[in-house]
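The values are calculated or read from the model by the stated rules, or taken from the named source; none is laboratory data. All of these numbers come straight from a predicted model, not from anything done at the bench. Neighbour counts are summed over all protein chains in view; Cβ atoms, including those assigned to glycine, are modelled from backbone coordinates with ideal geometry.
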Amino acid sequence: MAFLSLFLVIYLCLASSVLCQVSEFISIDCGSPGNYTDPSTGLGWVSDTGIMNHGKSVAVENPSGYSMQYERRRDFPIDNKKYCYTLRTQERRRYLVRATFLYGDQGNEDAYPKFEMYLDATEWATVTIFDASRVYVYEVIIRAPSSSIDVCICCATTGSPFISTLELRPLNLSMYATNFEDNFFLKVAARVNFGAPSKDVVRYPDDPYDRIWESDLDQRQNFLVDKAPGTERINTTKNVDIRTREYPPVKVMQTAVVGTEGVLSYRLNLEGFPANARAYAYFAEIENLGPNETRKFKLQQPYIPDYSNAVVNIAENANGSCRLYEPSYMNVTLNFVLSFSFVKTHDSTRGPLLSAIEISKYQVIAAKTDWKDVTVLTAICSMSAESAWANEGGDPCVPAHWEWITCSSTIPPRITKIQNVKGQIPSELNNMEELTELWLDGNFFSGQLPDMSNMINLRIVHLENNKLSGPLPSALGSLPNLQELYIQNNSFTGEIPPALLTRKVIFR
């Protein structure tokens with residue numbers, strides 16, 4: 001009775017955790033006219049109509065019969081701007097972020113689209129459409145750096161940039177934790193379900209974290225080719241205990257491939273490689289082995305010194321059958337063309353077995369615009385929240401700078417020029433030490449000019465044709481690089497700082 005009570009407590013805790021995860025899902029159908037619930041998953045999807053004010057909704061020719069999310073897409077203008085979705089996150093929590101793209105009919109386009117996608121200031125992917133009827137899926141696993149992240153579409157070289165869906169999935173506890181997550185995120189290159197009964201992917205509700213597990217039956221160029229002779233598919237209806245760190249879905253672990261002739265091998269291309277990667281292999285002994293039978297094997301290819309000499313004995317490693325064993329290769333260098341093979345040991349009676357793999361590239365996180373500069377820009381934008389210029393979104397400088405600023409090429413980027421904005425001049429302006437040009441003329445600014453003593457790199461200041469009042473700060477005369485100061489047509493009072501009159505400053 002005590003054991004049953006303990007089991008119920010554990011089950012209820014797990015169920016509660018999963019329900020909490022689902023309630024925090026963000027699922028955006030880009031271009032959809034309204035919100036809805038997907039009947040196949042029970043997940044709610046929201047339209048981006050109230051989220052994205054740019055671009056247009058376009059109907060998609062959908063010959064393959066994909067789900068509701070691919071009936072429309074959102075197209076963006078072909079220009080040098082970026083178009084960003086802001087997703088709310090919990091700082092330092094891990095998330096799976098997924099963007100998908102189905103182009104459909106080419107229509108009047110001369111060429112299929114090719115454009116860039118960024119997560120904050122980091123280049124996530126170059127999206128290149130080769131097959132208009134294919135859904136292109138891009139996933140990253142991140143530890144949220146703040147209370148929100150930005151996913152931005154930009155920089156088209158051919159065709160119109162677009163997006164079909166954008167999803168945010170919170171992960172549980174220490175899933176996908178790495179020693180490098182302050183400086184890298186994981187860009188998913190492959191996640192494969194071996195022994196799958198069909199070409200269908202496995203995802204929510206079978207995977208409570210809504211990861212997409214591709215079927216090994218999904219035949220396409222350079223994906224799981226060069227299969228070893230004697231490879232057979234097996235499955236079980238027994239429950240598989242998946243309570244380890246990464247929690248692959250039970251449905252995935254109930255199938256596998258086995259190398260009946262002693263070898264299990266495949267070849268696949270990894271987009272964005274060669275690179276350093278984190279790789280996972282998932283095993284569970286789902287066959288009934290006799291008393292004198294064993295399944296022992298090694299990783300033969302690629303040869304990784306710390307791992308290839310280890311013998312995998314699933315039942316022993318996992319402490320029993322139908323239990324998950326998930327060795328991870330924390331930091332390995334993999335080539336663009338990955339050939340991998342497992343080979344049984346001489347004393348093994350059964351060939352190697354594999355249920356699933358995951359491979360993710362370590363993507364360096366790029367520096368965002370200096371936080372002190374962002375604080376100033378945020379203050380300026382908040383004073384004109386309804387203006388289009390105050391709602392460009394994303395990082396101010398990367399990958400394309402906002403129209404009313406100019407940025408340095410330093411790391412991190414700094415603001416070097418502000419022009420053509422409205423509102424009041426915030427006191428935080430004094431934090432922008434790298435600013436060289438300040439163009440605030442003709443903007444109906446009012447109030448006093450804030451302290452600017454820290455802005456030692458200022459060369460040009462245009463404040464004319466506003467409604468500024470009060471005295472000119474004496475610190476203006478001590479700015480070492482000031483060459484040009486225009487203040488006419490304001491309501492300044494008091495004396496002009498003497499240093500401005502004795503230096504070679506163009507002063508009007």
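A few points about this structure:
- Any hit, region 408-416, residues being within 19 Å of Tyr85 (Cα to Cα), assigned to a loop (DSSP other than H, G, I, E, B) and not assigned by TED's automatic domain parsing to the domain that holds Ile153: no
- Some residue of region 60-82 being without any contact (Cβ under 8 Å) to a residue 24 or more places away in the chain and surrounded by fewer than 19 Cβ atoms within 10 Å (Cβ to Cβ): yes
- Residue check, Phe130 exposed (fewer than 14 other Cβ atoms within 10 Å of the Cβ) and either more than 15 Å from Val398 (Cβ to Cβ) or free of Cβ contacts under 8 Å to residues at least 12 places away in the same chain (or both): yes
- Within region 366-412, if we keep just the residues that are under 20 Å from Val151 (Cβ atoms) and hydroxyl-bearing (Ser, Thr, Tyr), the residue that is surrounded by the fewest Cβ atoms within 10 Å (Cβ to Cβ) turns out to be Thr378.
- Residue among Ser446, Ser491 that alone is at negative phi, among the hydroxyl-bearing types (Ser, Thr, Tyr), in contact with a strand residue (DSSP E or B) (Cβ under 8 Å, 6 or more places away or on another chain) and at pLDDT 90 or above: Ser491
Residue by residue, here is whether (1) farther than 30 Å from Asp395 by Cα; (2) among the hydrophobic types (A, V, I, L, M, F, W, C) holds:
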position	(1), (2)
Thr416	no, no
Pro426	no, no
Phe444	no, yes
Leu449	no, yes
Met455	no, yes
Arg459	no, no
Lys467	yes, no
Ala475	yes, yes
Ile487	yes, yes
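- Some residue of region 98-112 being within 26 Å of Ile359 (Cα to Cα), of a type in the set (A, V, I, L, M) and buried (at least 21 other Cβ atoms within 10 Å of the Cβ): yes
- Taken together, Ile78, Ile51 contain a single residue that is touching a strand residue (DSSP E or B) at 6+ places or on another chain (Cβ under 6 Å), assigned to a loop (DSSP other than H, G, I, E, B) and at pLDDT below 95, which is Ile78.
- All positions within region 124-143 that are more than 30 Å from Trp371 (Cα to Cα) and assigned to a strand (DSSP E or B): Thr128, Tyr136, Val137
- Exactly one residue among Ser427, Ser469 is of a type in the set (Ser, Thr, Tyr) and under 44 Å from the mean Cα position of the chain (by Cα), and that residue is Ser427.
- Filtering region 18-40 to residues that are surrounded by fewer than 17 Cβ atoms within 10 Å (Cβ to Cβ) and of a type in the set (Val, Ile, Thr) leaves Val18, Thr37.
- Flag for Leu435 being under 25 Å from Glu386 (Cα atoms), modelled with pLDDT of 85 or more and not β-branched (Val, Ile, Thr): no
- Some residue of region 229-243 being modelled with pLDDT under 95 and among the polar types (S, T, N, Q): no
- Residues (surrounded by fewer than 23 Cβ atoms within 10 Å (Cβ to Cβ), over 21 Å from Asn53 (Cα atoms) and charged (D, E, K, R)) located in region 86-97: Glu91, Arg92, Arg93
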